Amino acid sequence: MMGRRSGDQASLFYEFRLDDRVPKNHLLRRINEFVTAALADVHEQLDPYYSEIGRPSVDPELMIRMLIIGYCYGLRSERKLTQEVELHLAYRWFCRLDLDDKVPHHSTFSENRLHRFRESDVFRHIFERVVATCMAAGLVKGEGFAVDASVMEANASRYHGKAPAEIDWTEKQRQKGAVAEYLAALKAEAADEVNDGDDSDGGGSESKRPRRYERKPPKVISPSDPQSAWTAKANKRVQFGYGLNYLIDIENAVIVDVEATPARTYDEVAATQTMLDRTQKCFGLKPKRLAADTAYGTGKFLGWLVKVKKVIPHIPVWEKSDRQDGIFSRSDFRWDRKRGVYICPNGKLLQPAAPCMTDARCSTAPRSEIAMYARSEQSAAPTPTRARSRATSTRTPAMSLGGR
């Protein structure tokens, strides 16, 4: 016999506990213990950023718990987040809201996230508390790290990019946080250049010459988010984006540090240095080896890893043996096995204080670049066998550099 629901009048009162409605294996129930420990001192951390007078504000722990829900379930819109917490029983349980408790307005998140939370660096504090908890549980070994970056599209139109010189910032634009920070960074960078010029030794035209590998200003920026980078990384369409850099402990794939940068390769490499230094200072973690892809295989970064940090890099070398920019290619140099030196295309020996570095007749390429290339070639291949293998292989592990 088919049953049929009867009764049009809903119950006026309901009696149940939210805790009974959340399954034991629910994600939020599983992480609640760690979140509670991480947020134990959040009120003390944020206390200096609240006024001592006025009406009570929204509990900051409630807003952070709601933001964690957004991160776990991919709710990027704060308006959508407040709607979901309003309707979802498990979300209310995790946020410690009863059925008749009011959910904060979505604009409250924007104001706190962009001002009070950001100024206090409370998110960094919570993240470090979580990492410390993982270390206490034995999930972080600290013997080997891996680093990589993923691209996140910026909230900026790809059709409205302009050259920096073409933008005349209005007063309204200057009041925006992203634009204000960008202009402040430009001003600080200009001040550093002036100070460097004042501290120079007066090296003449050589000291004033712009360095070849100096960072160049971006060709296209977004008027609404100038800090984002114009990029086509990750085989995506050309867009404005940011790079999310992760430093991961390879034992249990625990993220031990995060750094956001514009989606540019040199910013990602610089972020890796920042994360390694910060992890060592904060947690005392100093890995023995670091794994990364070819984008991190620059000579400068590998040298810093080996000589300064004493870390063995498992990183493919960024091969640049064939040059098309006026610099000699590696195949243009000949290795003299008997004397243990390289010979440049003009027959000069490449060694410390060699005539090739100062002789005006060796002018096929700029002298400073020849000298730089000579030093790098000598350090890269002290024996002819290794020199030939470097010249023919593009997948030589960088850790072999550290063994010499």
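The values are calculated or read from the model by the stated rules, or taken from the named source; none is laboratory data. Predicted model only: the values in this text are computed from it and were never measured. Positions of Cβ are backbone-derived with ideal geometry, glycine not excepted, and every protein chain shown enters the neighbour counts. The protein model used for the area step is the full one, side chains on, heavy atoms only, and it has no ligands, DNA or RNA in it. Shrake-Rupley method; radii C 1.70, N 1.55, O 1.52, S 1.80 Å.
Suppose we keep only residues that are more than 38 Å from the chain's Cα centre (by Cα) and of a type in the set (A, V, I, L, M) within segment 299-351. Which one would you say is farthest from ILE250 (Cα to Cα)? Looking at the filtered set, the residue picked out is LEU349.
Here ARG118 fits the description: charged (D, E, K, R), surrounded by 12 or more Cβ atoms within 10 Å (Cβ to Cβ) and assigned to a helix (DSSP H, G or I).
Suppose we filter segment 60-81 for residues that are more than 19 Å from LEU27 (Cα to Cα) and surrounded by 18 or more Cβ atoms within 10 Å (Cβ to Cβ); how many remain? The number of residues fulfilling the criteria is 2. For segment 58-89, the tally of residues that are without any contact (Cβ under 8 Å) to a residue 24 or more places away in the chain and of a type in the set (Lys, Arg) stands at 2.
Within segment 18-56, the residues that satisfy the criterion of being open to solvent by less than 70 Å² (accessible area, probe 1.4 Å), assigned to a loop (DSSP other than H, G, I, E, B) and not aliphatic (A, V, I, L, M) are PRO23, HIS26, ASP41, TYR50. With respect to the stated conditions, VAL147 fails to be crowded, with 17+ Cβ neighbours inside 10 Å, more than 21 Å from the chain's Cα centre (by Cα) and farther than 17 Å from TYR71 by Cα. Residues that are open to solvent by 50 Å² or more (accessible area, probe 1.4 Å) and assigned to a helix (DSSP H, G or I) within segment 234-272 comprise ALA234, ASN235, TYR266, listed in sequence order.
Residues in segment 82-100 that are of a type in the set (D, E, K, R) and open to solvent by less than 80 Å² (accessible area, probe 1.4 Å): GLU84, ARG92.
Here LYS307 fits the description: assigned to a helix (DSSP H, G or I), at pLDDT below 95 and surrounded by fewer than 16 Cβ atoms within 10 Å (Cβ to Cβ). In this structure, does ARG388 turn out to be open to solvent by 20 Å² or more (accessible area, probe 1.4 Å), in a helix (DSSP H, G or I) and modelled with pLDDT under 85? So ARG388 fits the description; yes. If you check GLY138 against the conditions, is it in contact with a strand residue (DSSP E or B) (Cβ under 7 Å, 6 or more places away or on another chain) and open to solvent by less than 90 Å² (accessible area, probe 1.4 Å)? Criteria not met by GLY138.
For segment 138-161, the set of residues classified as among the charged types (D, E, K, R) and within 17 Å of PRO313 (Cβ to Cβ) consists of GLU143, ASP148, listed by residue number.
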